[in-house]
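A short worksheet on the structure shown next.
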Amino acid sequence: MDADDDPKGYRWETEYEKTCVWINCEMDADDDPKGYRWETEYEKTWEAIRETDDGLIEPMVNDMVNKAKRRRIAGQKNLRLGMMRHLFIVVDMSSAMTQTDLRPNRLKCTTKVLEMFVNEFIDQNPISHLALIMTRNKRAEKLTELSANVKSHLDAIHKLSETVCAGEPSLQNSLELALKTLRHMPAHTSKEVLILMASLTTCDPNDINQTIDTLSQQNIRCSVIGLAAEVRICRSLANKTKGVYDVVLDDCHYKDLLFQHMDPPASALTESSLMRMGFPTYSNEGRIQASMCVCHLNNNTNFSSSGYLCPQCSSKYCELPVECQVCGLTLVSPAHLARSYHHLFPVELYQELPPESTLDVQCYACNKEIVAKTGAQCLECKNIFCIDCDLFIHETLHLCPACVTTQ
């Protein structure tokens, strides 16, 4: 080797150089102490499945499914939830929505899941209001106002699926647009913002941390569902406003994460608040004089002699629930109020029974023999239910059928 040659030899014969530089490697207090997923050991999930003495794996799989259902029930805490919600859904319409990791693409998958969520949200929270915001090209635009009108929201989502995705989103502009409306809402309502974020970047005009602090002071809960990867500013937004931040794995997981926001968050108020509500009666065609509907004055004027009349100012509306635009009275039907009542007084969790206590026992609700290894007993009426009926009672029915029949 000549003198002017490199004494270290060839590049591949030397040890690798640590050229990377660690920047801001200190972990904050709100970060996950476990570190990143790829830094931990892999989990051998296949070892959890064992064959029985007969060489079958179906009993083991059924046992795992029952344990997962039991965890869902155990995760439901008897918390007092708010009945009235004001929710803004922010949809990212940037160029990142055209990616095809969700089939057929992120935009089509989002609109499909969002349509199901809006229908179910209004049904489960009939006296709550919903609004849609889209963000693209560094701007934010309000698609619908806060209302419980399912048709207007579904029409906006349908138009959203035909909208061109372009540019970058603006997280700050979207939050500021929702903040203008939510800051004037009464304190007894739940103020929420749900962001469907597909981009890994956000283009904001000012310091977004000041906007996050304002949201926290106004008790506005912000949650984020990421379609790509975890973003630091989204995690900080969710943590400071007591929201939830999740990242989807596939379209089924996307739907599960979105439907987790179906139930209202726990109410922070310790005192009850009284509010005025009106219960209008429906007037059939021909019983009253023809007049225009107040809810369709801006577009598609509806001139008819049927509808709901406000008991305070006699303004006419097509659908309920709605807030009267003339006198400000909240107009609902008794059925709407009854469907929201279970949020204030949820059904007490049933007590899990050991397997030997459920032998040759029939479920009170479905009258089928409890074939699973576990059953649940109501602490009030002492009746026993299977795990599927237990889930149905606490997630859908919201009352114990045995307790109702004995009252």
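The values are calculated or read from the model by the stated rules, or taken from the named source; none is laboratory data. Note that the structure is a prediction, hence the values are computed from the model and not measured. Note that each Cβ is placed from the backbone with ideal geometry, even for glycine, and that neighbours are counted across all protein chains shown. Ligands, DNA and RNA are excluded from the accessible area calculation, which covers all protein heavy atoms including side chains. Shrake-Rupley method; radii C 1.70, N 1.55, O 1.52, S 1.80 Å.
Based on the Cβ-Cβ distance of THR406 and LEU337, what FRET efficiency does E = 1/(1 + (r/R0)^6) give at R0 = 35 Å, to the nearest 0.05?
So, using R0 = 35 Å, E works out to roughly 0.90.
Around GLU176, what is the net charge, scoring Lys/Arg as +1 and Asp/Glu as -1 over all other residues with Cβ under 15 Å from its Cβ?
The answer is +2.
Could you tell me what percent of the accessible area of the range 279-333 is made up of carbon and sulfur, with a 1.4 Å probe and every protein chain present?
Reported share for carbon and sulfur atoms: 44 percent.
Which residues among the range 150-164 fall inside the zone where the amide N is under 17 Å from a point 7 Å beyond the Cα of THR181, along Cα→Cβ?
Answer for the range 150-164: 150-160.
Consider just the alpha-carbon atoms of the range 350-407 and return their Rg together with their Dmax, both in angstrom.
Expressed in Å, the Cα Rg and Dmax of the range 350-407 come to 10.5, 30.
Cα atoms only: what Rg and Dmax, in Å, come out for the range 80-261?
14.9, 42
Want the number for ASN219 to GLU380: 0.36 nm per residue separation, take away the alpha-carbon distance, what's left?
54.3 nm
Counting Lys +1, Arg +1, Asp -1, Glu -1, what net charge surrounds PHE88 among other residues with beta carbon under 14 Å of its beta carbon?
Residues close to PHE88 contribute a combined charge of +1.
Using the structure shown, list the pairs from LYS138/LYS159; LYS112/LYS151; LYS112/LYS180; LYS67/LYS108; LYS191/LYS240 with a Cα-Cα distance above 23 Å, or answer none.
Listed pairs above 23 Å: LYS112/LYS180; LYS67/LYS108.
Which number do you get for Rg(Cα) / (2.2 N^0.38 Å) in the range 279-333?
Taking N as the residue count of the range 279-333, the ratio is 1.01.
When the chain is fully extended, how far beyond the present Cα-Cα distance does ASN284 get from PHE259, taking 0.36 nm per residue of separation?
Net length gain for the segment: 5.3 nm.
Taking the Cα centre of the range 345-406 as origin, work out the dipole magnitude from +1 charges on Lys and Arg Cβ and -1 charges on Asp and Glu Cβ, in debye rounded to 20.
Computed about the Cα centre, the dipole is about 100 debye.
Given the C-alpha centroids of the range 137-180 and the range 354-407, what is the distance between them in whole angstrom?
The range 137-180 and the range 354-407 have Cα centres spaced 44 Å from each other.
Return one whole number: the accessible area per residue of the range 279-333 in Å², for a 1.4 Å probe.
59
Limiting things to C-alpha atoms, what are the Rg and the maximum Cα-Cα separation (Dmax) for the range 88-161, in angstroms?
Reported Rg and Dmax, both Å: 12.5, 37.
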